[in-house]
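Read the structure below first, then the notes.
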Amino acid sequence: MQFMWSRFRRLAWARLGVSVALAVLLAALASYALHALSDNPRTLTAISARSEYASFSVFNPDLAIIYAKGLRIVTSSEANVENQCGSGVILPGVGSRVSYQRIEKNLLLITIEGKGELRDPRGKGLFFDGEIILQTDVTCDGAMLTNRLPIWGPGKIGSPFAMRSDGPSPTLLSGTLDVFGRTISVPVLNNSGSIYAAIDDMAIPPGSVVESERHRTRGGSLAVPDSESAMFGFIEVSEEPGFAISVSTESPELSITPPGARSNSSRIDLSLFVQVLNDPVFLQIQLFFVLLFLLWPIFIDAVGLAYSRNDESGSECLQGEASILPAVSHPQEKRV
């Protein structure tokens, strides 16, 4: 009896171990399939904010043109244009840093660090290499040609909040962001690349720093190209404090550093979990497997029922033949 009990217990534990191993194997295969399908989730983040500071690195000068009308050159590496009213356009060079600053309702300051060109209305250019600071000035042949100024490159919005000797530092006043994902590529479903909403109206804490270029370099190499980490949009100056910012970015590693004692940052990323819950293609695949597992037991029962009926009908036929055979054999026995 003891031997039978121990054998039964070993058999039960063996079945449990095999079932757990199979469950782990199936879960690992399913997770691998999900990661293989998702690859690297592609995102599009739209940012609407009001800030006192924003900056970006130029990688396409044709899309970073600044119209110089209504601006005065406060500081320049070229002494012959310092303290003069600007005219024509300013073309920052590739790799130059463009910064916008407007604390509360004060004048707008534009700083260009690096190489660039001052081009007058007649097309004559003056190249500069260094730092040039421009400031809005209504005495310079009227107001600015446009209140919208470009942001076209990897950059950041806001700066760490601090109290300086000349007053509070420029900072992010308010903002929200929306994250959109792109569906995975499945040839059978034929709808890859569609955009779906992943995060709606996420509030950015005032005083934060939003960056699309923080994680661009890893080990001295460029991890994310400029075209992916760039912010595309503009700032707009109005009567309200600071300036409005409307940009979008496809950066896979957008980071937000909130104000406070800790200098940590949170990465805004469309993780696999969010993608599985929102991607319409993923939802179609999940629905297929859910229906498959729900209908599979019913299908097995139906097949088993059909086989059982065939077995019953076959046994009835055999019984009928067995009852007829003796009746046929009696006349033969009488003849014998």
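Each reported figure results from applying straightforward, stated rules to the coordinates on display, with no laboratory input. All values reported here derive from a predicted model rather than from experimental measurement. Ideal geometry is used to build each Cβ from the backbone, glycine not excepted, and the neighbour counts take in all protein chains shown.
Which of E239, E117, E211 has the fewest other C-beta atoms within 10 Å, and how do the rest follow up to the most?
By the 10 Å Cβ count, ascending: E239, E117, E211.
For L305 and D201, FRET efficiency with R0 = 56 Å and r from the beta-carbon atoms, rounded to 0.05?
So the FRET efficiency works out to roughly 0.55.
Mind sorting D226, D166 by how few other Cβ atoms lie within 10 Å of their own Cβ, fewest first?
Ordered from fewest to most neighbouring Cβ atoms within 10 Å, D226, D166 come out as D166, D226.
First select every other residue whose beta carbon is under 10 angstrom from the beta carbon of T176; then total the charges, Lys and Arg +1, Asp and Glu -1.
-3
Report Rg/Rh for the stretch 47-270, rounded to two decimals, where Rg is the Cα radius of gyration and Rh the Kirkwood radius.
Reported Rg/Rh, Kirkwood definition of Rh: 1.01.
With each pseudo-label sitting 7 Å past Cα toward Cβ, what's the L63-R122 distance in nm, one decimal?
Label at L63, label at R122, 3.3 nm between them.
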